[in-house]
Amino acid sequence: MGDGNLLCKVAAGRSRPVTDLPLTDGTPAMLQLVDIFYTIQGEGIWSGTPAVFVRLAGCNLACEFCDTDYALKFFASIEDVVQRVRELSGSCPMVVLTGGEPLAQGATPALIAALREDGRRVHIESNGTVFCHLPDDVWLCVSPKERVDPRMAERANEVKLIVDGRVPEEHLPLFAGQPLILLQPEGNRPQNVTIALDYAKAHPKRFRMSLQLHKFIGVS
Ligand code: SF4
């Protein structure tokens, strides 16, 4: 983890500190959370796959188009999160850590380790700005917005560009080694869908559309 004691720079009313919590003073590591829920992955390569989502609070960016509620709702220990995942999903192998920015909390690597120990396949949805050593079996989806760490760009298993009025081609050089780039129309808006569709059709070997399936079927 590269950044400690992050303060998220978010719009007024949503601002929440993301503070690394001590792991070595004998007290259990606590996570700052928004929600834990069992649904399907609605985006990207794993779209349609049942998964538990663990939404961590706080973000270190403040994207204009952001419609995610990542304000802190509750604290929980790592053990409590693992237990909640078990209660919600039984043997479902896939757990998605999302945010906000899930790698901005100091306890996240320990949560990843605990979930893997419990037999889960951990997926991370990250903006790619916070460097973190991840085990090889952790799936990393990077959706770049600004100042991506090149090591996270290289580590990414999946790259998702948000299309909001245009395809943000400025990010492409960082992902030169990636054979597949997903284009996700912001808000499923028709104008963004058209831009993404035209771009994918013009670059059919490397680009694919990712629609937010969960919004079409009305689930979280
Ligand atoms: S990185 Fe994602 S969660 Fe954070 S502000 Fe941007 S869109 Fe929202």
Checklist entry - Would a scan of the range 23-39 turn up a residue that is at pLDDT below 95 and within 22 Å of TRP139 (Cβ to Cβ)? => result no
Checklist entry - What are the pairs, 6+ residues apart or on separate chains, where a residue within the range 98-121 that is free of Cβ contacts under 8 Å to residues at least 24 places away in the same chain and within 19 Å of GLN41 (Cα to Cα) has its Cβ under 9 Å from a residue that is of a type outside the set (D, E, K, R) and more than 16 Å from the ligand (Cβ to nearest atom)? => result ARG116/VAL122; ARG116/PRO135; ARG116/VAL138
Checklist entry - Do any residues in the range 55-67 that are closer than 14 Å to ILE162 by Cβ have Cβ atoms under 9 Å from those of residues that are within 7 Å of the ligand (Cβ to nearest atom) and not in a loop (DSSP other than H, G, I, E, B), where the two are at least six apart or on different chains, and which pairs are they? => result none
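Can you find a residue that is among the β-branched types (Val, Ile, Thr), modelled with pLDDT under 95 and surrounded by fewer than 15 Cβ atoms within 10 Å (Cβ to Cβ) anywhere in the range 192-200? Working first, answer last.
First, the residues of the range 192-200 that are among the β-branched types (Val, Ile, Thr): 193-195.
Filter once more, so that each one left must be modelled with pLDDT under 95: none.
Looking for residues that are among the β-branched types (Val, Ile, Thr), modelled with pLDDT under 95 and surrounded by fewer than 15 Cβ atoms within 10 Å (Cβ to Cβ), one finds none in the range 192-200, hence no.
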Checklist entry - Do any residues in the range 174-185 that are over 14 Å from ARG208 (Cβ atoms) have Cβ atoms under 8 Å from those of residues that are acidic (Asp, Glu), where the two are at least six apart or on different chains, and which pairs are they? => result GLY177/GLU154
Next on the checklist: If I filter the range 60-79 for residues that are within 26 Å of ILE181 (Cα to Cα) and surrounded by 18 or more Cβ atoms within 10 Å (Cβ to Cβ), do I get at least one hit?
Outcome noted: yes
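Let's see how each residue does on (1) of a type in the set (D, E, K, R); (2) over 14 Å from GLU125 (Cα atoms); (3) more than 13 Å from the chain's Cα centre (by Cα):
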residue: GLN41; (1), (2), (3): no, no, no
residue: THR49; (1), (2), (3): no, yes, yes
residue: VAL54; (1), (2), (3): no, no, no
residue: PHE65; (1), (2), (3): no, yes, yes
residue: GLU79; (1), (2), (3): yes, yes, yes
residue: ARG84; (1), (2), (3): yes, yes, yes
residue: LEU88; (1), (2), (3): no, yes, yes
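Name the strands (runs of 3 or more DSSP E) wholly within the range 71-149 that hold at least 2 residues that are within 16 Å of the ligand (Cβ to nearest atom)? If you could, list the steps in order and put the result at the bottom.
Numbers: elements: 74-77, 94-98, 121-126, 139-142.
Per the criteria, 94-98, 121-126, 139-142.
The values are calculated or read from the model by the stated rules, or taken from the named source; none is laboratory data. In this text the structure is predicted, and so the values were computed from the model without any measurement. Positions of Cβ are generated from backbone atoms using ideal geometry, with glycine treated the same way; all protein chains shown enter the neighbour counts.
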